[in-house]
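*Asks:* What follows is a structure written as structure tokens; I'll ask about it next.
All of the numbers you see were taken from the coordinates with simple rules; none came from a lab. As the structure is a computational prediction, the values presented were derived from the model and not from experiment. Please note: Cβ atoms are built from the backbone with ideal geometry, for glycine as well, and neighbour counts cover all protein chains shown.
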Amino acid sequence: MIYLIDDKKDRQSKDYKWTEDRLKDYSSYLIPIYTLEEITQRSKEIFAEDNTILYHESFIDQTSLKEEAIDKRKKIEEFSKRKQNLLVYFSGSKSERVISDNIAYLPVSILYQNLEAFINQYTKGEADLKYLLYGENPEIEKEILKRLEDARDYTDDEESASITGKTLFLDFAEVEMTNPVNGADIFLLSRNSFNHFPDDFSESIQAAFKNNEYQHIFIPLCFGKSLSDYNGLRLATHIRCTEGLNQTANIYIYGVMKLAELMANPFFDILKTRNVFYVGISKKEFERIANQEKQKFAKEILSSEISKLNLKAPSNYDDNHAITNEVAIYQWSKLLGIEKNEELQKNFDIVKNNLYFKYLNTIHPIESTDQPSANDLEINTNSKPKILLIDDESSKGWYKIFASILGGSNGFWVDYLGDGFRNKTAEEIVGESLEKIKHEDIDIVILDFRLSTSDFAKENPNEMSSVKLIEKIKEYNPGIQIVGFSATNKIWNLKALQKAGVDTFIFKKIESKSQTIDDLITSIEICSNKAKKLKSFYRKAALIKQLALEYEDKFKTNTINNLDVAFSLFEISRDKPKYKNYVFIQLFLIIEEFVKLDSVFEEGVEFLVKNKEDVCVAQRKGNKMLTAITMTGNHKYEIQESNFKISNKWKRFDINFIVSSLLIFRLGNINSSIHNWSAIRNIRNTKVSHYDKENSDSFVDDDEIFMILSFLQYFLDIKNMNINNIDKGLKRRTLEESLKDLMADPRFKGKI
């Protein structure tokens, strides 16, 4: 039986066309295993003699079960060596096919490409790993080697090529040619020269190139452990994508295969680029093609030439966004001149040696014009925001980058979360993040789109950890600014983030690095100028909402709605200052509704302030109104007569009189100017009432908005009621006193 151990079920189906239905067709011989639990439960079946095990090298590496998976792998390997069972390790990071006794190593794409051919032979009783490595033609390696030997024998009779210009000739040691080019530097490649091709070779060839600039470089098409990998195409791509003296040298790939046999190779397109040639194994041909007049390969066209390639991303990454992330960290770090720590060094080593990353860097090179100046990195803001980066790749370099830009260049407080997120649930991520945000009183959150391993398997963006976290942050305090920071540019992902409440986006681009850094500076500048004020507004509004719960339901509902509208308007006013006037109106409306509450102020024959004990502020006496007022000089309360009679109708007291009465007789203040009421009333009667959209001087400012918020917080708090001044007010009349006054009124004489 064949056991296929690979936790990447989606990739298995989507990328390599091994769907559930296709797997079922071979279920008599092939059993897929997707979890560590399955390995444990079926260990007796798996560890049976004569079984073949196909094992993905990074099986559940990105989860908390990594150590257990490594232990299981060791046991499988020990068992296979002991019992001589067939064992195959496959991985997206491998580029060569190798067989060592009963154990094979190969790329994941090759495994799934040849799996059907292997199973077909397996059903016939021929369990030969060569079919898994080379498909339906397992003898291709022997065929290629025979062709190379024949070609070498033919060239031995030819004179050495004479070529103008310094030349490097790379040769395959097993079929080495005798003096192929006069005066050339010779570099021999053997099957076992490198433990980790092509990275080892890439480093070796760079060392060879370091002090020598060549005009011509000859590369064998076939070399290495697997001749049919046509590694010469890959090596030529490496040279073109490696910065150095020889990046634009003329390259000649020589071999015995027909072009049609090479077209399926992922690096075939290098032959479509300028000054890369494919030639037969012939010294005469070497001389002819090298001495032909050629247009010089200019560095300026390198990016466009390499863009002709269509390389596939390595499958050992979750998706293209993870790859873009690695390259972006590398490029941003170089641009900003950030000193490398251990994690950044790992990133640099990967990006500098991995061909796909080198390919991306060549297409999107770092230009001298991309380098930001100190002025470019300066953020103009009146506040010093506290910024939290939430990204599972934080420690790989992003935190160091943001700490440099935001902390080092601008003096902001910067911290991060994300280590260990990949193995946690969305609920755990949200919980930890919210706790940090609350504890540190964070102003700005820079948030990655995917935060855990499970996010990569989610098709619905609304289920992403980041989306759930945004919703919780905005529920806690919508004034906290959230900057979406991700490599994703899919519209449905962005819409989900926007709907959840993200305030702006920055993309981990590698094609326009300087613009992206500019976007970051601009975004943080805008967010820092918003966060402090919005957070403070929301907190004050939340307190006022709590105070409103003590009053009638209608007032409570209206107050909550008014505050929500006011917050939305205040948010808009960050960009459009005229909206601050509308904010003020909305907040003043709460005062107007409050004074109309029966539980606060009662207007009728007598005007009653509702305190712990009722206090009559004014009462009618004939054609006069007796009112209690405050003398500002000696702060004593006196009763005076005021004529409020107009056209035989009693004038209603205005908002100023009522609020003043409440401030004095409900809240126990010595005058009505306390807590900026006079200023608030004046703003309402001047700026707000006589608003001129063309004149910014008529706009309400932030300080004035927070003035009325603070006033509301004091004014509505039932705990602030104070009866110290109750004896200064008029006594509330008894029923007998009211009847007596009424009978004395000439209008009612003889009618009562």
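*Asks:* Compute the signed sum of charges (Lys and Arg +1, Asp and Glu -1) over the other residues within less than 13 Å, Cβ to Cβ, of Phe267.
*Replies:* Around Phe267, the surrounding residues sum to +4.
*Asks:* What FRET efficiency, computed as 1/(1 + (r/R0)^6) with R0 = 25 Å and r the Cβ-Cβ distance, is obtained for Glu435 and Lys499, rounded to the nearest 0.05?
*Replies:* The pair Glu435/Lys499 has a calculated efficiency of 0.55.
*Asks:* Taking every eigenvalue of the Cα gyration tensor of the range 142-306, multiplying by 5 and rooting it, what semi-axes result, largest first, whole Å?
*Replies:* With the √(5λ) rule applied to the range 142-306, the semi-axes are 22, 19, 16 Å.
*Asks:* Where nothing but the Cβ of Lys and Arg (+1) and of Asp and Glu (-1) is charged, how large is the charge dipole of the range 142-306 around its Cα centre, in debye to the nearest 20?
*Replies:* My answer is approximately 420 debye.
*Asks:* Sort Met1, Met707 so the one with the fewest other Cβ atoms within 10 Å of its own Cβ comes first.
*Replies:* So the ranking, lowest neighbour count to highest, is Met1, Met707.
*Asks:* With the crude spin-label approximation of a point 7 Å out along Cα→Cβ, what separation in nm comes out for Lys740 versus Lys312?
*Replies:* 10.4 nm
*Asks:* What number, in percent, do you get for the relative contact order of the range 2-136 if the mean sequence gap of Cα pairs under 8 Å and at least 6 apart is divided by its residue count?
*Replies:* RCO, the range 2-136: 20 percent.
*Asks:* Please work out the Cα center distance from the range 118-148 to the range 390-449, rounded to the nearest Å.
*Replies:* 51 Å
*Asks:* With the crude spin-label approximation of a point 7 Å out along Cα→Cβ, what separation in nm comes out for Lys284 versus Trp413?
*Replies:* 8.0 nm
*Asks:* Kirkwood hydrodynamic radius, computed over distinct alpha-carbon pairs, for the range 208-250: how many Å, to one decimal?
*Replies:* For the range 208-250, the Kirkwood estimate is 11.1 Å.
*Asks:* For the range 381-461, take the alpha-carbon Rg, divide it by the Kirkwood Rh, and send me Rg/Rh.
*Replies:* Reported Rg/Rh (Cα atoms, Kirkwood Rh): 1.01.
*Asks:* Give the lysines whose C-alpha is closer than 20 Å to that of Lys740, dropping any in the same chain fewer than 8 places away, or say none.
*Replies:* Lys621, Lys624, Lys731, Lys749, Lys751
*Asks:* Near Arg684, within a Cβ-to-Cβ distance under 15 Å, what is the net charge of the other residues, with Lys and Arg +1 and Asp and Glu -1?
*Replies:* Summing Lys/Arg as +1 and Asp/Glu as -1 gives -2.
*Asks:* Still on this structure, I have one more. Can you tell me the alpha carbon radius of gyration of the range 316-413 divided by the globular rule-of-thumb value 2.2 N^0.38 Å?
*Replies:* Scaled against compact globular proteins, the figure is 1.15.
*Asks:* Assign unit charges at the C-beta atoms only (+1 for Lys and Arg, -1 for Asp and Glu), then state the dipole size of the range 386-534 relative to its Cα centre in Debye, rounded to the nearest 20.
*Replies:* It comes to approximately 280 debye.
*Asks:* Taking 26 Å as the cut-off for C-alpha to C-alpha distance, list the pairs among Lys352/Lys400; Lys438/Lys468; Lys438/Lys499; Lys687/Lys719; Lys474/Lys540 that go past it.
*Replies:* From Lys352/Lys400; Lys438/Lys468; Lys438/Lys499; Lys687/Lys719; Lys474/Lys540, over 26 Å: Lys687/Lys719.
*Asks:* Still on this structure: Starting from the Cα of Glu427, step 7 Å along the direction of its Cβ; do the same at Gln84; then give the gap between the two resulting points in nm.
*Replies:* 5.3 nm
*Asks:* Can you give the extra length, in nm with one decimal, that the chain gains between Ser27 and Thr164 once fully stretched, where that is 0.36 nm per residue apart less the Cα-Cα distance?
*Replies:* That pair, Ser27 and Thr164, stretches by 43.2 nm at full extension.
*Asks:* On to the next question. Hey, got the Cα dimensions of the range 2-136 along the principal axes, in Å, largest first?
*Replies:* Extents along the principal axes: 39, 35, 30 Å.
*Asks:* Evaluate the range 386-534: find the radius of gyration of its Cα atoms, find its Kirkwood radius, and give the ratio Rg to Rh.
*Replies:* With Rg and the Kirkwood Rh in hand, the quotient comes to 0.93.
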